[in-house]
Amino acid sequence: MLHIGGVRTALFCWLYARRHHGTFILRIEDTDRERSTPAAVQVILDGMDWLGLHPDEGPYYQTARYPRYREVIRQWLDEGKAYHCYCTKEELEAMRAAQLAAKAKPRYDGRCRERREPRPGVTPVVRFRNPADGEVVVADRVHGDVVFDNAELDDLIIERSDGNPTYNFCVVVDDFDLRITHVIRGDDHLNNTPRQINMLRALGVEPPVYAHLPMILGPDGTKLSKRHGAVSVLHYREQGYLPEALLNYLARLGWSHGDQEIFSLAEMCQLFDLDHVNKAASAINPDKLAWISQQHLMHAPPARVAAEFAWQLGRLGMDVASGPALEPIVLAQRERARTLREMAENSRYFFRAPEAYDEKAARKHLTAEAVPLLNGIHTALAALADWNAPAIHAAIEQLAASTGVGLGKVAQPLRVAVSGGGVSPPIDQTLAIVGRDGTLGRIGRAVTWIGAQAAQSAGS
């Protein structure tokens with residue numbers, strides 16, 4: 001599944017391509033058929049689409065390029081750059097055990113390098129003939145020069161015995177064919193890079209520029225797992241984050257531009273560089289993500305927020321099509337919500353009358369003393385010529401003044417009657433959004449409820 005580690009890698013590639021007017025290519029590396037299920041691939045496509053990280057080319061599927069990979073393998077076998085290896089699984093395990101017993105680094109010892117005759121009953125793999133001496137220098141844009149001794153690199157399997165080519169070989173052919181100039185990926189791939197460089201040179205080309213990003217850790221500093229957030233990126237949509245907020249957070253999780261924390265996508269495209277990518281791993285901070293999310297909710301155009309807000313409301317079963325306009329709700333609620341999911345859950349009463357009242361709020365505000373005030377505001381609101389926040393506010397103020405009570409004595413019972421609880425945006429904004437008919441109906445229902453509670457108390 002595409003999780004946030006992969007998203008950050010994709011983001012840095014996308015930003016670098018945008019900054020330098022390059023081409024961002026989406027490649028689905030699906031040679032591992034057990035892991036690359038159609039569902040997992042679809043999550044990648046859906047996640048990239050939701051994030052807005054649209055490729056300039058692709059997606060290219062490695063499984064669709066098998067004829068090309070086999071062409072290169074045949075060429076290398078003919079040229080002596082690859083060879084058939086007939087070692088059995090048992091022999092390889094015995095080799096490894098002997099090396100470990102001798103406290104040597106486990107690696108293939110090249111015993112089939114010069115073999116010319118097939119081995120009856122054994123279907124061979126194909127191995128790349130790695131240079132036996134010299135060194136490979138990975139000029140990494142994040143870590144600097146990293147030197148590998150060729151003698152420490154064994155001969156990599158490039159085609160399994162079942163005929164399937166392997167990941168490390170396929171990406172080399174892809175990089176060559178697609179004329180890749182820059183590879184930005186996680187530093188868990190750094191140890192693969194010298195082998196890939198040697199294979200690229202076997203194809204007759206110099207390698208692209210590499211930049212290996214440090215890992216993302218959980219909040220406790222351990223390897224990222226599902227409990228930390230190593231889940232499908234679409235989980236973050238379900239949790240209510242704007243994609244640009246998530247991308248902003250991930251950009252800062254490993255890259256900096258001075259002390260700036262909040263970035264638009266346009267700013268990140270303009271400013272991103274590899275020189276300010278951190279070498280050290282970064283840990284997820286859920287509170288920081290929530291803060292960045294709220295900043296984006298506060299400052300994004302309401303229409304932009306409304307599009308994702310509608311999706312959240314739909315998940316809660318709210319009828320968005322026949323309900324109130326969403327942008328006024330966004331403006332009223334965004335100071336009180338850190339995520340769109342939170343905003344949606346706190347906005348149910350705009351679309352549907354509350355089925356029950358918050359017990360504590362009702363006990364405090366829906367009392368016999370509130371009945372004349374609720375009846376009075378019902379009459380005043382019903383008489384309004386224009387239904388808008390200023391007119392509603394004036395009617396509430398006038399009733400409070402005429403009855404000699406504070407504004408809160410009118411507003412709070414009204415708030416509980418309309419929203420079901422003691423917290424909402426300013427009461428005039430709330431009523432303006434709920435609408436005249438909805439507001440008057442809910443006030444009447446609250447008055448009836450207070451009477452029923454009184455009767456029940458008297459009977460008991």
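Values in this text are rule-based calculations from the coordinates and carry no lab data. Computed from a predicted structure; not experimentally measured. Heads up, the Cβs are rebuilt from the backbone with ideal geometry, glycines too, and the neighbour counts pull from every protein chain shown.
Points worth noting:
For (1) part of a strand (DSSP E or B); (2) exposed (fewer than 15 other Cβ atoms within 10 Å of the Cβ), each residue gets a yes or a no:
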site: T23; (1), (2): no, yes
site: R27; (1), (2): yes, no
site: E34; (1), (2): no, yes
site: G47; (1), (2): no, no
site: Y69; (1), (2): no, no
site: I73; (1), (2): no, no
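- Unique residue being closer than 30 Å to E152 by Cβ and not basic (K, R) when the list is Q42, Q99: Q99
- Conditions (1) touching a strand residue (DSSP E or B) at 6+ places or on another chain (Cβ under 7 Å); (2) of a type outside the set (F, W, Y); (3) in a helix (DSSP H, G or I): number failed by E91: (1)
- Inside the stretch 245-289, residues that are in a helix (DSSP H, G or I) and of a type outside the set (F, W, Y) make up a count of 18.
- Strands (runs of 3 or more DSSP E) wholly inside the stretch 114-160 containing at least 3 residues that are within 37 Å of the chain's Cα centre (by Cα) and not aliphatic (A, V, I, L, M): 144-149
- Subset of the stretch 193-210 (residues that are in contact with a helix residue (DSSP H, G or I) (Cβ under 8 Å, 6 or more places away or on another chain), of a type in the set (A, V, I, L, M, F, W, C) and surrounded by fewer than 22 Cβ atoms within 10 Å (Cβ to Cβ)): L200, A202, L203, V205
- Residue within the stretch 429-441 that is farther than 23 Å from R334 by Cα, buried (at least 17 other Cβ atoms within 10 Å of the Cβ) and touching a Lys or Arg at 6+ places or on another chain (Cβ under 7 Å) present: no
- Within the stretch 3-22, the only residue that satisfies the criterion of being of a type in the set (D, E, K, R) and touching a Gly at 6+ places or on another chain (Cβ under 9 Å) is R8.
- Qualifying positions in the stretch 308-344 - surrounded by fewer than 16 Cβ atoms within 10 Å (Cβ to Cβ), assigned to a loop (DSSP other than H, G, I, E, B) and among the small types (G, A, S): G317, A321, S322, A325
- For the stretch 112-139, a tally of residues being closer than 23 Å to N164 by Cβ and either charged (D, E, K, R) or in contact with a Leu (Cβ under 9 Å, 6 or more places away or on another chain) (or both) returns 8.
- You will find that of H235, H182, H189, the residue that is touching a Cys at 6+ places or on another chain (Cβ under 9 Å) and not aliphatic (A, V, I, L, M) is H182 and no other.
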